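The values are calculated or read from the model by the stated rules, or taken from the named source; none is laboratory data. Predicted, not measured: the structure shown is a model, and the values here were computed from it. Positions of Cβ are generated from backbone atoms using ideal geometry, with glycine treated the same way; all protein chains shown enter the neighbour counts.
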Number of protein chains: 2
Amino acid sequence: MMRIPFADTIQTLTSILIRNGFAPERAAACALLFAETTRDGVLTHGVARFPRFVATIRNGSVDPAAEPVRLTGFGALERWDGSKGPGNLNATAMMNRVIELSRAHGVGCVALRNTNHWMRGGTYGWQAAGAGFIGICWTNTMPNLPPWGGVERAIGNNPLVMGVPRKSGAVVLDMAMSQFSYGAIEKYRRNGELLPVDGGFDIAGNLTRNPAEIEESWRPLPAGLWKGSGLSIVLDVMAATLSLGNATHAISRDFLHETSLSQMFIAINPAALGGTEEAERIADEVVASVHACAPADAAKPVRYPGEETLRKREENARLGLPVDESLWQEILAL
Amino acid sequence: MMRIPFADTIQTLTSILIRNGFAPERAAACALLFAETTRDGVLTHGVARFPRFVATIRNGSVDPAAEPVRLTGFGALERWDGSKGPGNLNATAMMNRVIELSRAHGVGCVALRNTNHWMRGGTYGWQAAGAGFIGICWTNTMPNLPPWGGVERAIGNNPLVMGVPRKSGAVVLDMAMSQFSYGAIEKYRRNGELLPVDGGFDIAGNLTRNPAEIEESWRPLPAGLWKGSGLSIVLDVMAATLSLGNATHAISRDFLHETSLSQMFIAINPAALGGTEEAERIADEVVASVHACAPADAAKPVRYPGEETLRKREENARLGLPVDESLWQEILAL
C-alpha cells in the first residue's frame, strides 16, 4: 500500500478522463469524487474502481459527454433521464436538483432512469448534509443477491443512503442490502479468515461464516434476512415505476454492462421550518446518547453512522490516499 | 383461538372507546384500524394491543379528543404537533395530509412530534398505496434495542414503512429495526422452540438462537446487525430534528408511558408524472421476477413484501378475526 497525495490523485485521474472523452471540468469533478471516496476510507468504491469505470467508458456503457435530461415534472417532483452519462456526475447533478427543488418547495424528489453506477452512494448523503439539507437516495443494481427464501440472484443489493446535517459531523448512512459485499467476502477469503458472523449459505443450504463456501453457492445473506430482502424489492419497484426505467431483473449481470439503472433522490430543507439551533441540539443529544451506550468491547466505543468516515477523511487527507501499488501502476497505464 | 366477525369486533371496540372519551366517529375510525390490523394477520399490533391502548388512555398518555395541529410549513413541507392524540388516528391524518400535499406539489412531507404509538406501521403504507400514492413513513420508539457494538438498549426499533401502489396488490414493507421483536422471542420460548436464526446475544456475549437467553441479556440483534443499527439512528435523528420532537433517548421505557414520539411521513404522487400504465407493467414485472426465483424450499415460494398480507386479509375477512378467548374476555370487561 502506497500513499498518494489527494491533489496528485485528482490530477492523474483527471488527465485520464480527458483522454477518454471527458470535457476538462467534468473530468475534474468526476476525478474528485473518486479521490474523495478513497480519502473517506471507502476503498472499494474509490480509486480502486477507476480502471473498471474507464473500461465502461471504452465499451460504450458510459457516455462521458452525456448529461441528464428532465423528462417531465410537477411541482417538487420530476422525472429525469440519465442519458447513460457517468453515474457519479449524474447522481451529483440530481442531488443538486432536489436540493434546488427543496429550496423552492421545502422538499424535492427526482426519479432518474437510464443512469450508471453511482460508485459510493454515501457521496450524495454527504453532499446534501454538507449543504444543510436532509438527503435520501437509493439506486437499484443488477440482480446480485438471492431474495430471502430463494437460491438464485434475483434482487439487487440496492444501496440506500440517508444524510442529516449536523455542524460537528453529519449523520450519514450508506447501506447496501447485502450483509457482506462480494468484495468483502473475497477479502476475508484472501486473508484466510472466517466472517465475523454468518454471511451466507453453503451449497447444502446451511448458514456459514466460510467465505469460500459463500462464493461457491453465490448465496450471500440479505442484511436483516427477510427484512433487507423486502427492502431491496420495494426500493427497486419504487425507483423503476416512478422513473419508468429498468427494474433490477432487466439489468445486465455483466459488471461491464451493468447500465441503465434507476435511482431516487429526495431532499428536505430543514431551514425552511426554522428551529435550526434546536435541531442542532437534538442531533447532538442523539450522538451523545449513542456514545454513552456501554460497549461490548471497551476498545470499541459505539459509533453513529458517518462517524468513522470523518476520522478516516482526516487521516487520509493528512497522510495521502492509501492505494495498492499494482493498482496505481494499472491506472498510470490507462 | 376463537373467530370474531370483523363487524362485531369493530362494534365492540368502538363502544369501549366511546366509554373512554372518544367522539363516536373517531372511536369507529380507531376501532377499524385495530380490527384491520388483526384481519391483515399482524396479530401483535391489532386487537391484542387494545387493552394496553385503553390503559394508556386511562393513565393520560393518550388524549382521545386531541387532534394534530399544524405548527409551521413551507410549500410541501410541514411540521405538526400530535397533541398526544391517539397514535393511529394521528398517523392516518398525517398520511392523508402528505397525500394532499403531494396532490398539490407532486411530493409532500410532514414531520410530526408529540404523538403516540401508531400501532401497525404498515397501515399507513397500505393507506397511501390504496389511494394510488407512494408512501414512506417511520416512527421512533423508546430505547428498546442495543446498537451494534453496545450492550444497553439505547436505540429504538424504529419501524420503517414503504408502500407502492399496484392494481393487483400493492408492494408494502413494514420493517422494524430489530431482527425479532420481544413478542416474537417470547412466543418461541413459550412454544419451546429455538429461533430459526441467531436472534441476539446471551449474557456472555455469544450469539444465540435460544429465546430465553436473549430475554435474559436484553440484547436482541438489530436487523442487519451494524446496518439496521445505523438505519435506526439516522431515522431517529431525522424525525426528531425535523419535528423538533423527542429523539429515542428522551422517550420513557415504560410501555404505558411511551409517549411523545416523533414520526415522518412522505407521499409521492406518481400520477402527476403520467405513465401510469407503464408503471403498472413495470411493477407487475418486478413481482413476476420475484416469483420466478427458484425457492430453497419448494413448498415456500419467494414472496414480495405485502403479498402474505393479502392472503391473510382474505382469509380472516372470510372466517372472522382470530382472537384468543382470554383476550376477548379481557376486552369485553374493559
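The test for being more than 30 Å from B:ILE251 (Cβ to Cβ), modelled with pLDDT of 95 or more and touching a helix residue (DSSP H, G or I) at 6+ places or on another chain (Cβ under 9 Å) holds for A:GLN263.
For the subset of region B:94-130 comprising residues that are of a type outside the set (A, V, I, L, M, F, W, C) and touching a Lys or Arg at 6+ places or on another chain (Cβ under 8 Å), which member is nearest to B:ILE266 (Cα to Cα)? Here the residue is B:GLY108.
Across region A:239-281, the qualifying residues are those that are without any contact (Cβ under 8 Å) to a residue 12 or more places away in the chain and of a type in the set (A, V, I, L, M), and the one among them that is nearest to A:GLY132 (Cα to Cα) is A:ALA279. Only one of (1) out of contact with any Leu (no Cβ under 8 Å at 6 or more places or on another chain); (2) crowded, with 22+ Cβ neighbours inside 10 Å; (3) in contact (Cβ under 8 Å) with a residue 24 or more places away in the chain is not met by B:VAL290, so which one is it? Going through the list (1) out of contact with any Leu (no Cβ under 8 Å at 6 or more places or on another chain); (2) crowded, with 22+ Cβ neighbours inside 10 Å; (3) in contact (Cβ under 8 Å) with a residue 24 or more places away in the chain, B:VAL290 breaks only (3).
No other residue among A:VAL172, A:VAL161 is within 26 Å of A:VAL197 (Cα to Cα), more than 9 Å from every other protein chain (Cβ to nearest Cβ) and in a strand (DSSP E or B) apart from A:VAL161.
For region A:248-270, filtered to residues that are buried (at least 24 other Cβ atoms within 10 Å of the Cβ) and within 19 Å of the chain's Cα centre (by Cα), the residue that is farthest from A:ASN88 (Cα to Cα) is A:THR248.
Take B:GLY275 and tell me if it is modelled with pLDDT of 95 or more and crowded, with 24+ Cβ neighbours inside 10 Å. When the stated conditions are applied, B:GLY275 does not pass them. Under the condition of being basic (Lys, Arg) and touching a strand residue (DSSP E or B) at 6+ places or on another chain (Cβ under 9 Å), the residues counted in region A:9-41 number 1.
Within region A:64-77, the residues that satisfy the criterion of being under 16 Å from A:LEU112 (Cα atoms) and surrounded by fewer than 20 Cβ atoms within 10 Å (Cβ to Cβ) are A:ALA66, A:GLU67, A:VAL69, A:ARG70, A:LEU71, A:THR72, A:GLY73, A:PHE74. Is it true that A:THR72 is at pLDDT 95 or above, over 20 Å from the mean Cα position of the chain (by Cα) and under 24 Å from A:VAL110 (Cα atoms)? When the stated conditions are applied, A:THR72 passes them. Considering every residue within region B:190-212, establish whether at least one is outside any helix (DSSP H, G or I) and in contact (Cβ under 8 Å) with a residue 60 or more places away in the chain. No, that holds for no residue.
The number of residues in region B:1-50 that are in a loop (DSSP other than H, G, I, E, B) and of a type in the set (D, E, K, R) comes to 1.
Looking at B:ARG153, B:ARG113, which one is surrounded by fewer than 24 Cβ atoms within 10 Å (Cβ to Cβ) and assigned to a strand (DSSP E or B)?
B:ARG113
When you look at B:ASN96, is it under 29 Å from B:ARG318 (Cα atoms) and either surrounded by fewer than 20 Cβ atoms within 10 Å (Cβ to Cβ) or within 14 Å of another protein chain (Cβ to nearest Cβ) (or both), yes or no? Answer is yes for this residue. Looking only at region A:6-28, decide whether some residue is of a type in the set (Val, Ile, Thr), in contact with a Ser or Thr (Cβ under 6 Å, 6 or more places away or on another chain), closer than 20 Å to A:ALA333 by Cα and surrounded by 15 or more Cβ atoms within 10 Å (Cβ to Cβ). The answer is no, given that none of the residues of region A:6-28 is of a type in the set (Val, Ile, Thr), in contact with a Ser or Thr (Cβ under 6 Å, 6 or more places away or on another chain), closer than 20 Å to A:ALA333 by Cα and surrounded by 15 or more Cβ atoms within 10 Å (Cβ to Cβ). Among the helices (runs of 4 or more DSSP H) confined to region B:224-334, the ones with at least 1 residues that are facing chain A (nearest Cβ under 9 Å) are located at B:226-243, B:276-291.
Within region A:68-84, the residues that satisfy the criterion of being among the hydrophobic types (A, V, I, L, M, F, W, C), at the interface with chain B (Cβ under 8 Å from one of its Cβ atoms) and touching a residue at least 12 places away in the same chain (Cβ under 8 Å) are A:ALA76, A:LEU77. Taking the conditions (1) within 30 Å of A:ALA170 (Cα to Cα); (2) under 18 Å from the mean Cα position of the chain (by Cα) in turn, B:GLU308 satisfies each one other than (1).
Within region B:176-183, one or more residues are assigned to a helix (DSSP H, G or I) and either surrounded by fewer than 22 Cβ atoms within 10 Å (Cβ to Cβ) or within 8 Å of chain A (Cβ to nearest Cβ) (or both). Within 11 Å of chain B (Cβ to nearest Cβ), touching a helix residue (DSSP H, G or I) at 6+ places or on another chain (Cβ under 8 Å), in contact (Cβ under 8 Å) with a residue 40 or more places away in the chain and part of a loop (DSSP other than H, G, I, E, B): does that describe A:PRO143? In short, yes. Residues that are under 11 Å from the mean Cα position of the chain (by Cα) and away from every other protein chain (no Cβ under 12 Å) were ranked within region A:127-140; the one that is farthest from A:TRP218 (Cα to Cα) is A:CYS137.
Hey, could you check region A:220-242 for residues that are in contact with a helix residue (DSSP H, G or I) (Cβ under 8 Å, 6 or more places away or on another chain) and farther than 27 Å from A:LEU194 by Cβ and say which is surrounded by the fewest Cβ atoms within 10 Å (Cβ to Cβ)? Applying the filter and picking the extreme gives A:LEU242. Evaluate region B:209-217: report whether one residue or more is within 29 Å of B:THR259 (Cα to Cα), in contact with a strand residue (DSSP E or B) (Cβ under 7 Å, 6 or more places away or on another chain) and crowded, with 24+ Cβ neighbours inside 10 Å. Yes; the residues of region B:209-217 include at least one that is within 29 Å of B:THR259 (Cα to Cα), in contact with a strand residue (DSSP E or B) (Cβ under 7 Å, 6 or more places away or on another chain) and crowded, with 24+ Cβ neighbours inside 10 Å.
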